[in-house]
Every structure is written in structure tokens, then in C-alpha cells.
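The values are calculated or read from the model by the stated rules, or taken from the named source; none is laboratory data. Computed from a predicted structure; not experimentally measured. Because the Cβ atoms are built from the backbone with ideal geometry, glycine has one as well, and the counts that use them run over all protein chains shown.
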Amino acid sequence: MKKHNFSAGPSILAKEVIENTARAVLDLNGIGLSVMEISHRGKDFQAVIDETVELFRELLDIPSNYHVLFLGGGASLQFCMVPFNLMNKKAAYLETGSWAKKAIKEAKGFGEVDVVASSADKNFNYIPKGFTIPQDADYFHITTNNTIFGTEILEDYDSPVPLVADMSSDMFSRPVDVSKYAIIYGGAQKNLGPAGVTFVIIRDDILGKVDRHIPTMLDYRTHIENGSMFNTPPCLPIYTCLETLRWLKKLGGVEVMQKMNKEKADLLYKEIERNSLFRTTAEKDSRSLMNICFVMEEAYQDLEKDFLTFATSKGMTGIKGHRSVGGFRASVYNAMPKESVVALIDTMQEFEKANAR
Ligand SMILES: *Cc1c(COP(=O)(O)O)cnc(C)c1O
């Protein structure tokens with residue numbers, strides 16, 4: 001049976017991306033060697049990382065005073081690398097979910113953290129508005145897509161201080177005005193590739209302003225100076241990212257992605273609203289186009305397990321909601337085809353017919 005992969009991360013990749021990666025694992029570009037067994041400093045791998053950086057720049061229209069880095073440690077390591085490299089006294093954070101909370105916890109080890117607004121009062125089901133960013137903060141940190149709670153910031157904020165964004169789960173899902181950010185980072189495993197590589201887009205003028213000693217591996221300048229090759233980079237995950245970006249470019253880039261993502265999310269949100277058994281959790285103006293969270297209506301709470309079993313029998317995988325929200329979460333990243341969204345909708349309608357009381 002066909003599987004419809006709604007997993008939140010690691011998550012769906014385009015079939016041709018997986019196939020092309022499998023091919024390169026056996027033989028990279030016909031050189032007779034696997035991408036896994038060649039030197040990262042040889043010309044064959046250098047070409048891979050160069051093209052990946054180039055496609056980042058091209059697809060996101062990244063200005064020339066920014067660097068594109070591929071690091072280890074996940075987005076979670078960035079939670080500490082950002083304050084380590086940028087915070088002197090104080091930083092501002094927007095608290096919109098579990099990942100933002102983790103970033104805040106790390107920052108507190110380096111100085112004063114000003115949480116300018118939080119949606120914790122409603123279990124993070126909305127994006128706060130009307131907050132003030134302090135002028136004296138060293139930077140302002142946001143999480144653009146809250147993977148667990150299904151809310152998303154769909155605009156590029158104007159910030160009076162350097163803006164830092166965790167875009168782990170919505171990178172490449174829409175055009176981004178990179179020039180408004182000082183740092184954009186994320187783990188690859190939501191919208192770009194397999195787990196194991198973290199991308200960092202960083203403007204060069206924000207570094208060198210803190211006095212503390214920064215360990216070599218945690219200093220962005222190390223990786224900038226060495227083109228992400230100070231140590232061995234995650235070669236195979238980078239290769240898969242390259243295949244994803246080639247695929248993305250072929251489809252028409254981030255504008256086309258955004259259009260497709262809106263269409264898919266609209267279809268699913270409409271069905272959740274229409275269906276008498278389900279309701280969404282996120283507030284309408286804050287809803288994520290990537291992670292669509294929904295729960296059973298009050299009167300149908302007893303059917304939660306049954307729906308999960310039924311959906312699984314129809315080939316849906318990864319739709320169980322995160323334990324902190326409950327219910328269901330359909331992650332509809334770039335690589336998720338519309339047909340799978342339609343298949344989920346059909347499943348919900350069939351379940352409603354059999355169970356509406
Ligand atoms: C998944 C996720 C992370 C954590 O990424 P790791 O690479 O596992 O450290 C951080 N932020 C957001 C928004 C995420 O979705």
C-alpha cells in the first residue's frame with residue numbers, strides 16, 4: 001500500500017531526491033566511488049558543497065555579504081552558538097513554543113534574556129503581536145515555524161537590532177528577505193535533507209563583537225574562514241540537500257513552493273473546519289503552512305485512537321500529534337504531494353461518515 005508520510009521530522013523527501021542520493025551512494029557522477037568514501041577536500045566533493053552553497057544563494061537571493069555554512073550539532077547547537085557569538089549583555093527572544101523555550105534556556109547562560117512576548121498562556125496556539133523589541137538588545141531571536149504547535153510567522157520582521165531566526169521547519173517553503181536577518185539557521189531534516197547537517201546563513205559584520213573566549217568549533221568565524229571545512233563536514237547529508245535544491249529549482253523555486261504549500265494547507269484546513277469530528281488548535285491568523293495540528297471535537301474525544309488506527313490502515317504515517325498538543329499533526333513540507341493531502345482528506349471524510357453521531 002502507498003504510504004503517505006506526514007512525519008514532522010526527519011520527514012518526507014522527494015522520491016527523486018532519495019533515488020539520486022542512492023545512486024551517488026553507489027557511484028558519484030560516474031567516478032567509480034561513493035560520495036561516502038571520498039575526501040571532503042577532493043575536487044569531487046568540493047564541487048558538491050560549492051553547488052549547494054550556490055543554490056542556497058540563488059534560490060533565496062542571498063546578498064553577497066552573507067555566508068552559507070554547513071555544520072554539525074543540529075539546530076539545538078545553534079541555540080548556544082548564537083548567544084556565544086553575539087551576546088554581550090542582553091538579548092531579546094520571542095517565546096512561541098518548545099524550540100523557542102530551549103533557545104531561551106541556552107541564552108540565559110550568557111547574559112540577560114528579555115522575553116518580549118510569549119504565547120505560553122494559550123499553549124502556544126498563536127503568534128504574539130504588538131510587542132516591542134528593546135533597542136539595547138544585542139539581537140532578537142525568533143522561531144519562524146513552531147513545528148510542534150503548528151503556528152508560523154509568515155512575514156519578515158523589521159527589527160531595530162540584528163534579527164536571528166530558527167527556520168528549521170519552514171526554510172525554502174517561501175521567499176525570504178534574507179537582508180532583514182543577521183542569522184538564519186536550521187536543521188536540514190524538516191524541509192531540506194536528512195538529519196546530520198545544520199545550515200547557517202550569516203551576515204559577516206555581526207561577528208567579533210563579544211569579549212569572551214569562543215571555543216574554535218563554536219566560533220562562526222572558524223567555519224566561515226574554512227568554507228565549512230575546518231573539520232569533516234556531514235558529506236552525505238550535504239549531498240542530499242544538494243539534490244533537494246536541484247529538485248526545488250527544477251520545480252520553479254521558492255515562489256512556486258509557496259503557492260503549492262498554500263494550496264495544500266488551505267485544502268486541509270478547510271476540511272478540518274468542515275468536518276464535524278475535528279477542529280484545529282492554532283488560531284486562524286497564526287496557522288502554519290507546514291505543520292497542521294488538529295484534535296477531535298469535544299464530543300468525539302473517545303474516537304481519537306480509532307481515527308489513528310483507521311488512518312494508519314489507509315497508509316497515513318506520522319500523523320500522531322506531539323504529546324504537548326495531543327490529537328494529530330499533518331506535516332505538509334515542500335516534498336509532500338497534493339495527492340497525499342487529498343488522501344488524508346478522503347480518510348477524514350470516510351471516518352466522519354462512519355462515526356458522526
Ligand atoms: C526540529 C527543530 C529543532 C531541533 O533541531 P535539531 O536539528 O534536532 O537540533 C529546532 N527548531 C525547530 C523549529 C525545529 O523544528
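May I ask you to verify whether Thr151 is touching a helix residue (DSSP H, G or I) at 6+ places or on another chain (Cβ under 6 Å), within 16 Å of the ligand (Cβ to nearest atom), of a type outside the set (Lys, Arg) and touching a residue at least 40 places away in the same chain (Cβ under 8 Å)? Even if it seems obvious, please write down each step before you answer.
Details: touching a helix residue (DSSP H, G or I) at 6+ places or on another chain (Cβ under 6 Å): yes; within 16 Å of the ligand (Cβ to nearest atom): yes; of a type outside the set (Lys, Arg): yes; touching a residue at least 40 places away in the same chain (Cβ under 8 Å): yes.
The answer is yes for Thr151.
All but one of (1) out of contact with any Ser or Thr (no Cβ under 9 Å at 6 or more places or on another chain); (2) assigned to a loop (DSSP other than H, G, I, E, B) hold for Ser169, so report the exception by its number.
Exception for Ser169: condition (1).
As an exercise: evaluate Leu242 against (1) in the same structural domain as Ser169 (by TED's automatic domain parsing); (2) in a loop (DSSP other than H, G, I, E, B) and give the number of the one condition it does not meet.
That leaves (2) as the condition not met.
What are the residue pairs meeting all of these: first residue in segment 227-248, first residue without any contact (Cβ under 8 Å) to a residue 40 or more places away in the chain, second residue surrounded by 19 or more Cβ atoms within 10 Å (Cβ to Cβ) and in a helix (DSSP H, G or I), Cβ atoms under 7 Å, and 6 or more apart or on different chains?
Phe230/His223
Sort out which residues of segment 158-211 are among the hydroxyl-bearing types (Ser, Thr, Tyr), in contact with a strand residue (DSSP E or B) (Cβ under 6 Å, 6 or more places away or on another chain) and within 16 Å of the ligand (Cβ to nearest atom), and write them in order of number.
Applying the first criterion (among the hydroxyl-bearing types (Ser, Thr, Tyr)) to segment 158-211 yields 159, 168-169, 173, 179, 181, 185, 198.
Cutting the leftovers down to in contact with a strand residue (DSSP E or B) (Cβ under 6 Å, 6 or more places away or on another chain) gives us 159, 168-169, 181, 185, 198.
Within segment 158-211, Ser168, Ser169, Tyr181, Tyr185, Thr198 qualify.
Residues in segment 314-326: is at least one of a type outside the set (A, V, I, L, M, F, W, C) and more than 25 Å from the chain's Cα centre (by Cα)?
At the first step, the residues of segment 314-326 found to be of a type outside the set (A, V, I, L, M, F, W, C) are 314-315, 317-318, 320-324, 326.
Going one step further and asking which of them are more than 25 Å from the chain's Cα centre (by Cα), we end up with 314.
Yes.
Which residues, counting only those in segment 9-55, are closer than 17 Å to Val197 by Cα and in a loop (DSSP other than H, G, I, E, B)?
Gly9, Pro10, Ser11, Ile12, Leu13, Val35, Met36, His40
For segment 193-239, enumerate the residues that are surrounded by 15 or more Cβ atoms within 10 Å (Cβ to Cβ) and assigned to a helix (DSSP H, G or I).
Those that are surrounded by 15 or more Cβ atoms within 10 Å (Cβ to Cβ) and assigned to a helix (DSSP H, G or I): Ile206, Leu218, Tyr220, Arg221, Thr222, His223, Ile224, Cys235, Leu236, Pro237, Ile238, Tyr239.
Mind counting the residues in segment 86-119 that are within 16 Å of the ligand (Cβ to nearest atom), of a type in the set (A, V, I, L, M, F, W, C) and farther than 19 Å from Leu154 by Cβ?
3
Cβ contacts < 7 Å: first residue surrounded by 15 or more Cβ atoms within 10 Å (Cβ to Cβ), restricted to segment 338-355; second residue part of a helix (DSSP H, G or I) and charged (D, E, K, R), any location; separation 6+ or different chain. Result?
Taking only residues 6 or more apart or on different chains, the pairs are Val341/Lys264; Ile345/Glu271; Met348/Glu271.
Identify all residues within segment 103-159 that are farther than 11 Å from Ala92 by Cα, in a strand (DSSP E or B) and among the charged types (D, E, K, R); write none if there are none.
Passing the criteria: only Glu152.
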